[in-house]
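Worksheet: one structure, shown below.
The values are calculated or read from the model by the stated rules, or taken from the named source; none is laboratory data. Keep in mind that this is a model prediction, so the values were computed, not measured. When we count neighbours, we look across all protein chains shown, and the Cβ atoms used for this are built from the backbone with ideal geometry, even at glycine.
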Amino acid sequence: MKLKMPVTNRNPSRCLLALQVVGFLFLALLPSRSAAQSLILNPTFQLGLTNWSLRGAGTLQIVTNSHLNPNALLVTNRTGTDAGVAQALDGKLIPGSSYYCSAWIRANTDVPDTVTLGMDFSDGTGTYSTNLAQILSSNSCWSLICGYFDVPTGGVQTVSIYCAGPAPGVSFLVDDVTVVPLTGFRLAGRSFPKVYVGGVGGTSVQSLGNYGRTVISDFHICGTENDTKFANTHPGSNTWSFNSADTIVNVGITNGQQTRGHCLAWHLYNPSWLNNLTNTATPAQIQKFLYDHIDVAVGRYKDKLFCWDVVNEAVGNSGGIRDSVWYNQPGIGYAGQGSNYIAEIFKRARAAGPHTILVYNDYSNIEIGTKADFMFNMLKGLKAQGVPVDAAGFQLHTTRDGPNISSMRNNLQRFNDLGLDIHITEMDVRIAIATNTGVASAADLLIQGDTYFNVFGTALAFPRTKVLQTWGYTDNGSWVPGQFPGFGAALPIDKKYNRKPAWWGMYNALANQIENMPVAASSGDTYRLVTNTMFSAGRAGMFLANTVNDYVTLRANIPYPGEYTVQVGVNKSAANGQFQLAAAPFAGGSFVDLGARQDLYASSSTFTSVTVATNTFTSAGDHFFRFTVAGKSNSSAGYTLTLDYLRLTPTGNDGNQPPAIDDIPDQFVLKNNTLGPVPFRIRDRETVEGALSLTVLSSSNPELLPTSRITLTRHGPQFLLYAAPVTNLHGDATIYFRVQDADGERTTNSLNITVASEIPNTAPVLATVTDRVINAGQFLVATNTATDDQSPPQVLTYTLLSAPPNASLNTTNGVLKWRPTSAQADSTNIFSIMVADDGSPSLSNTQAFTAVVNPLAQPSLSARLLPEDNQFGLHVTGDPGLDYEIQISDDLINWTSVFTNLAPELPFDWMDPSTPAGSNRFYRLLLSP
Ligand code: XIL
């Protein structure tokens, strides 16, 4: 429960206008039932230009040559590269949070031109633009452009997403724009922008249930498992069925995800009509069926699927080409000619999908061995012939301990060097499960986590690795238990949507590579990156310390508070320094040692994972991890420490953490208006956020704001709340929410909403006046400027609360004037000014500043005979600013003022016009004021 405080609107009049507009939209666009989580309104231009605005100079136009749904946007008549289209996201984003955004683009030019996805934001001091991603686009196909951004924390007033970029005059099409919170592997993988992390899923992906939300939020790829296979898309020799494939592809597109086509020519999963033909049909007939299939399936999705597994599992278990309907039973006309039929299939696929990445995919090929060797030589031969094979697919259905990593590394190296992209296409790690409960042992789950971590880290070491995909997303619906009796639990998320050690293995491989962390070394020491595919993700940081107590500090994120096992990847052969690891929150706090000092003199010459400690991090967020050199061995020459990664895995010893709803600031809305959007997030360490459920429990004031008038839209782990209080009523209402995790653990939080009968008065704000130093006699003028966002404008009155008596303040314009007298020289004066509005009650704001008056310099008066006319004069010196008055007397009793000079330039000479010859005259100098 939070304090009830009226929320200060920086500009209520503008804000209320926005509320009304949103209120209208809220009725027009009630949360859609389709599986989309985007924060973008009208993302497919179905509502024309609604919510979109022109950026720069050009014309926006709705056209029908779209990407997915009937409409797309065309930006034309562009006169600058900045010309494009934008959508404001004001009020929907949480400062400090990260968001993923994407759009499908097609530039209307034969020669590819650069298109930019960017973010404009303003913070009161100006408007800033950030490029989030750039791609080359041409009229030959639609391309996905995607990037991410962090919403600045300080004073952001507006944020909008835009597409712009090509040379002036080049028009471009935009469609299917998304902005979603950046979470899961999309967040973890932000240092690897070219790598897609994904999975595959059946029909459950299609709805926004726990499964669909998990898939959509956390992965780059929304994959089809069986939906694009031959049997499902081509159920009769002349009948096609793309409904379920379309649905998944569309879910992917509406959420900024890529989808993989799987697969075109495989010896399994073919329809019975085809299987029945294998003994009777001619190769020419089989060829026609396959080529038609390729033309239709690849052609249908050529602007939608990023790749196809063109040929699947064509290599036999001990090498050689496998017998199949496509090869030799009866085959498509190249029986007995080795990989020639594969070459033809790839050529056909290329013709149907000129921009689609074409993959050869197989299993039991991740380690060097007969099968992998055969596949490698086959692809090498095909490449040499100019066959359009773009990538090698490694299914990676594996067991608990996974592949031999050094063999995997050597194998991927040669495929990488061959110029093929590397796709891990179907990874799952099956472990033993109890037959009656389906439960795996904790020990096996940990080893499974290592396997995911090691495989991901090894694959990421190769520049051509582009896809890391699992076969399924969760242990629900995985093919493993059916295929391998006694085994299961093969995926990173369990059946209850809890993150497994495997999830953390994938997460750490992506998120916590040393080479991607901000690093600072102690002064005088060197820190540099070293590249070697032996390191996780291919790089490590080498810290060359000079002496004991030197240190290197890294920064890494702790996503959830709690107890973690802290592991560090180090290279023992090069690491001859002992180190002590310590951590401290980035937000402030002292370093705490993590475990004991690590002695790395071990004889092992390989790069190794060292379990440093179990530590409880009491707060989430960025932390410093400091490696302090603690010593070296007699035999070693220096203190070098080569660090590869940090690996943080919740131990689970501290139990299930309850889910959390981030605190929502108190809200204010004027009666007869709709409040919103109010963004807030839910979190949980164990359960993936997509599977947490949020319920509005009750309202403290159901007459004013019944729960039925609260609407929530869900965007991954983020919600936008809209509230429509009952017409003409005002007062306070507290709304209670509950979030629940997979194990039924619940947390309640609340939100206070004030429905005001009128705009509440907010205090004016007085700008600060800088402290001054002046001379006596000089004028001090200080304009006090107050701002008051109230609408209609209120009358502001200024009052001097404290000041020297001779200062004055204009009560209407706030102008303060003071001319310190000579008596006020050498003084320090405090001015306190208040501004008050005429609200009821009146609210005010007070500011103070100091004016120091310099000490007076002693003035002097000296006689001087003015040479030209031989007359008597006086020479006067002193401080500028004061008024100088000269008086004369003949008797030192009666004085007459003869000259006054207000704030003269000094020094000055004064000539006595009436100097009597031969008499005594006295002169004196008076300073004022
Ligand atoms: C499997 C699916 O997961 C099952 O649902 C289906 O019954 C059979 O196919 N290699 C592949 C995948 O390329 O298409 C297979 O998928 C798993 C092995």
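Odds and ends about this structure:
- Residue identified as in contact (Cβ under 8 Å) with a residue 60 or more places away in the chain and assigned to a strand (DSSP E or B) among V548, V530: V530
- The helices (runs of 4 or more DSSP H) found entirely in the range 181-252 that carry 3 or more residues being within 16 Å of the ligand (Cβ to nearest atom) are 230-233.
- Scanning the range 414-455 for residues that are at pLDDT 95 or above, among the β-branched types (V, I, T) and over 24 Å from N508 (Cβ atoms) yields a single hit, I433.
- Residues in the range 358-408 that are away from the ligand (no atom under 16 Å from the Cβ), aliphatic (A, V, I, L, M) and touching a Lys or Arg at 6+ places or on another chain (Cβ under 8 Å): V387, V389.
- Evaluated against (1) surrounded by fewer than 24 Cβ atoms within 10 Å (Cβ to Cβ); (2) under 17 Å from T533 (Cβ atoms), L468 falls short on exactly one condition, (1).
For (1) more than 25 Å from F376 (Cβ to Cβ); (2) surrounded by fewer than 23 Cβ atoms within 10 Å (Cβ to Cβ), each residue gets a yes or a no:
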position	(1), (2)
G299	yes, yes
L305	yes, no
V311	no, no
N317	no, yes
I321	no, yes
S324	no, yes
Q329	yes, yes
A343	no, yes
H355	yes, yes
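- Inter-residue pairs, beta-carbon under 7 Å, first assigned to a loop (DSSP other than H, G, I, E, B) and in the range 256-278, second within 15 Å of the ligand (Cβ to nearest atom) and among the hydroxyl-bearing types (S, T, Y), 6+ apart: T259/T224; H267/S324
- Checked against (1) buried (at least 20 other Cβ atoms within 10 Å of the Cβ); (2) in contact with a Pro (Cβ under 7 Å, 6 or more places away or on another chain); (3) among the basic types (K, R), R350 passes all but a single condition, namely (1).
- Residue match in the range 376-398 (condition: at pLDDT 95 or above, on the phi < 0 side of the Ramachandran plot, part of a loop (DSSP other than H, G, I, E, B) and charged (D, E, K, R)): yes
- Among the residues listed as L800, L780, the single one being farther than 26 Å from G878 by Cβ and at pLDDT 90 or above: L800
- A351 hydrophobic (A, V, I, L, M, F, W, C), at pLDDT 95 or above and within 16 Å of the ligand (Cβ to nearest atom): no
- Checklist (1) at pLDDT below 90; (2) within 30 Å of A851 (Cβ to Cβ) applied to E758, failing item: (2)
- Residue ID - nearest to R190 (Cα to Cα), chosen from residues in the range 127-151 that are in a strand (DSSP E or B) and of a type in the set (V, I, T): I145
- So D428, is it within 16 Å of the ligand (Cβ to nearest atom) and not in a loop (DSSP other than H, G, I, E, B): yes
- On the stretch given as the range 850-873, residues that are surrounded by 18 or more Cβ atoms within 10 Å (Cβ to Cβ), in contact with a strand residue (DSSP E or B) (Cβ under 6 Å, 6 or more places away or on another chain) and at pLDDT 85 or above total 2.
- Any hit, the range 676-689, residues being hydroxyl-bearing (S, T, Y), at pLDDT 95 or above and closer than 14 Å to D743 by Cα: yes
Yes/no per residue for (1) aromatic (F, W, Y); (2) within 15 Å of the ligand (Cβ to nearest atom); (3) over 35 Å from the mean Cα position of the chain (by Cα); (4) at pLDDT below 95:
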{"site": "G256", "(1), (2), (3), (4)": "no, no, no, yes"}
{"site": "C263", "(1), (2), (3), (4)": "no, yes, no, no"}
{"site": "F289", "(1), (2), (3), (4)": "yes, no, yes, no"}
{"site": "V296", "(1), (2), (3), (4)": "no, no, yes, no"}
{"site": "L305", "(1), (2), (3), (4)": "no, no, no, no"}
{"site": "W308", "(1), (2), (3), (4)": "yes, yes, no, no"}
{"site": "E313", "(1), (2), (3), (4)": "no, yes, yes, no"}
